[in-house]
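Beneath this line is the structure, given in structure tokens, with notes to follow.
The values are calculated or read from the model by the stated rules, or taken from the named source; none is laboratory data. Bear in mind that the values here come from a model prediction, so they are computed numbers and not experimental data. Ideal geometry is used to build each Cβ from the backbone, glycine not excepted, and the neighbour counts take in all protein chains shown. Each accessible area value is taken on the protein alone, full model and side chains, heavy atoms only, with ligands, DNA and RNA left out. Shrake-Rupley method; radii C 1.70, N 1.55, O 1.52, S 1.80 Å.
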Amino acid sequence: MSMIEPSSSESTGAAGEPVIRVRGLRKHYGAKVAVDGIHLSVDAGEIVGLLGPNGAGKTTTILMLLGLTEATSGSIEVCGFDPMHNPLEVKRTVAYLPDSVGFYDQLSARENLRYIGRLAGIASNELEARMDEALERVRLSAVARNRVGTFSRGMQQRLGIAEVLIKRARVAILDEPTNGLDPQSTYELLEMIRTLKSDGIAVLLSSHILDRVQAVCDRVALFHQGRIELEGSVESLAAQVLGASHGVHVQSSADAPVAQCLTEIAGVKSVVTDGPGLFRVLAESDVRDLIARTLVARDLPVLRLDRIEPSLDEIYRRHFAGAQHEQA
């Protein structure tokens with residue numbers, strides 16, 4: 001069950017409707033190429049991760065989407081508007097949560113949200129109701145009258161999600177939202193981000209920490225040197241790069257017989273020994289039932305049989321290791 005319930009209000013957009021379209025986007029700073037001809041489309045109610053190391057082009061792409069820097073070439077549409085020619089229309093439909101959240105420390109959480117809501121043109125009576133609902137969803141109601149300067153970074157990031165909610169944004173762009181958060185705060189924030197799907201909000205989630213955010217994204221775009229090198233669901237990328245989309249941890253008190261048995265199972269692409277009696281299996285499909293039946297039929301003990309989520313970090317490293325090998 002989700003940690004917070006989605007709003008009962010109407011969706012801000014129809015699922016499956018593209019709200020971001022980027023075609024051949026380039027950005028040059030003199031001789032330096034920051035973004036090199038990327039293509040990207042994001043639907044309403046979809047969470048797409050812009051992932052990759054610092055300096056890969058993610059933040060520059062975000063700045064162009066917001067109309068804060070001009071593209072050298074290519075085209076951008078955000079909710080049907082060109083950010084450079086229609087910046088106000090884009091700002092009305094997009095909520096942006098930067099790496100350093102820009103709230104006023106001396107104001108309370110409610111005062112900050114009230115100020116933001118008035119700038120967005122929300123009527124006072126409607127604004128108060130939206131604030132109540134948003135603060136409840138991000139679990140800040142009890143501290144809503146406290147100064148934001150007393151908030152932890154995690155609480156400030158949750159207040160940023162409340163800003164997305166009161167604006168009824170169609171697009172939320174979150175730049176490194178989990179930076180500086182402990183594991184529990186990271187988990188809570190990502191769960192809150194996940195619920196934005198139910199409001200029909202398209203989410204762009206930028207991060208250089210690949211595995212931390214992979215579970216919340218429907219698709220990921222892996223940036224490298226200004227280009228999107230890989231794009232798709234984590235499972236599709238695992239199949240493309242690793243040659244298999246499903247992983248299984250197997251533990252047994254038997255060793256060599258189990259290793260041999262696992263390699264003979266249909267659909268298994270590779271078996272890696274992680275320690276005595278510990279095996280990591282990569283396969284084309286979920287083969288846990290087949291592994292269990294096969295080992296039991298051969299009277300081999302099974303102590304553990306767990307699914308492994310494909311690792312974006314491993315996909316990224318394997319892809320670029322392969323690319324460098326081909327160039328060598």
Model label zone, residue 308; criterion: amide N under 19 Å from point 7 Å along Cα-to-beta-carbon; scope region 210-248 = 210-215, 234-248
For region 221-238, in order, what is each residue's ³J(HN,Hα) by Karplus, 6.51 cos²θ - 1.76 cosθ + 1.60 with θ = phi - 60°, in whole Hz (x at glycine and Pro)?
-> 10, 8, 8, 7, 6, x, 10, 8, 7, 9, 8, x, 5, 4, 5, 5, 5, 5
Reachable lysines, given that their alpha-carbon falls under 21 Å from the alpha-carbon of residue 167 and they are not under 8 places away in the same chain = 91, 197
Once the other residues with Cβ under 11 Å from the Cβ of residue 37 are scored (Lys, Arg +1; Asp, Glu -1), what is the net sum?
-> +3
So for the pair residue 321, residue 259, with labels modelled 7 Å out along Cα→Cβ, what separation do we get in nm?
-> 1.9 nm
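Arrange the peptides 131-141, 72-82 so that the one whose residues have, on average, the most other Cβ atoms within 10 Å appears first.
Working: 131-141: 19.5, 72-82: 16.7.
Order by mean packing, descending: 131-141, 72-82.
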Nearest 10, in degrees from 0 to 90: the angle of helix 153-166 to the longest Cα principal axis of the chain is 60 degrees
Starting from the Cα of residue 17, move 7 Å in the Cα-to-Cβ direction to define the label point; list residues of region 147-174 whose amide nitrogen is under 17 Å from there.
-> 168-172
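Measuring with a 1.4 Å probe in the full set of protein chains, what accessible area per residue, in whole Å², belongs to the chain?
47 Å²
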Tell me, what HN-Hα J-couplings in whole Hz come from the Karplus equation 6.51 cos²θ - 1.76 cosθ + 1.60 at θ = phi - 60° for each residue of region 108-116, using x for Gly and Pro?
-> 6, 4, 5, 5, 4, 5, 5, 4, 5
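Per 0.36 nm of contour for each residue apart, how much would the distance between residue 147 and residue 100 grow if the chain were fully extended, relative to their Cα-Cα spacing?
Details: separation 47, 0.36 × 47 = 16.92 nm, distance 1.70 nm.
Working it through step by step, the gained length comes to 15.2 nm.
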Any idea how far the Cα center of region 146-183 sits from the one of region 66-128, in Å?
-> 14 Å
Gyration tensor (Cα) of region 201-289, equivalent ellipsoid semi-axes in angstrom | 32, 13, 12
Per its Cα gyration tensor (rounded if a/c is under 1.5, else prolate when a/b beats b/c, else oblate), region 111-220 is best filed as oblate
Per the Kirkwood formula over distinct C-alpha pairs, the hydrodynamic radius of region 20-96 in angstrom is 12.8 Å
Collect residues whose amide H, placed 1.01 Å from N in the peptide plane, falls under 5 Å from the amide H of residue 47; neighbours closer than 5 in sequence don't count.
-> 203, 218, 219
Region 146-204 pair-distance distribution - Cα-Cα, 10 Å bins, rounded % | 22, 54, 23, 1
Which order do peptides 154-165, 174-185 fall in by mean Cβ count within 10 Å, highest first?
-> 154-165, 174-185
Tensor-based shape of region 181-242 (alpha-carbon gyration tensor, a/c under 1.5 rounded, otherwise prolate or oblate) | prolate
Where Lys and Arg each count +1 and Asp and Glu each count -1, what net charge lies around residue 64 among other residues with Cβ under 10 Å from its Cβ?
-> +1
With θ set to phi - 60° and the Karplus curve 6.51 cos²θ - 1.76 cosθ + 1.60, what are the ³J(HN,Hα) couplings of region 265-281 in order, to the nearest whole Hz, using x for Gly and Pro?
-> 6, 4, x, 6, 9, 7, 10, 10, 8, 9, x, x, x, 10, 9, 10, 10
Rg from C-alpha atoms of region 143-297, normalised by the globular rule of thumb 2.2 N^0.38 Å, equals 1.40
Calculate the radius of gyration of the Cα atoms of the chain to one decimal place, then report Dmax, the largest Cα-Cα distance, as a whole number, both in Å.
-> 22.9, 71
For the chain, modelled as a GNM with alpha-carbon contacts under 10 angstrom, which of 305, 196, 204 fluctuates the most?
-> 305
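Shape verdict for region 64-126, please, from the Cα gyration tensor: rounded (a/c under 1.5), prolate (a/b greater than b/c) or oblate. Walk me through the numbers before you get to the answer.
Working: a/c = 3.82, a/b = 1.81, b/c = 2.11.
Judged from the Cα gyration tensor, region 64-126 comes out oblate (a/c at least 1.5, b/c at or above a/b).
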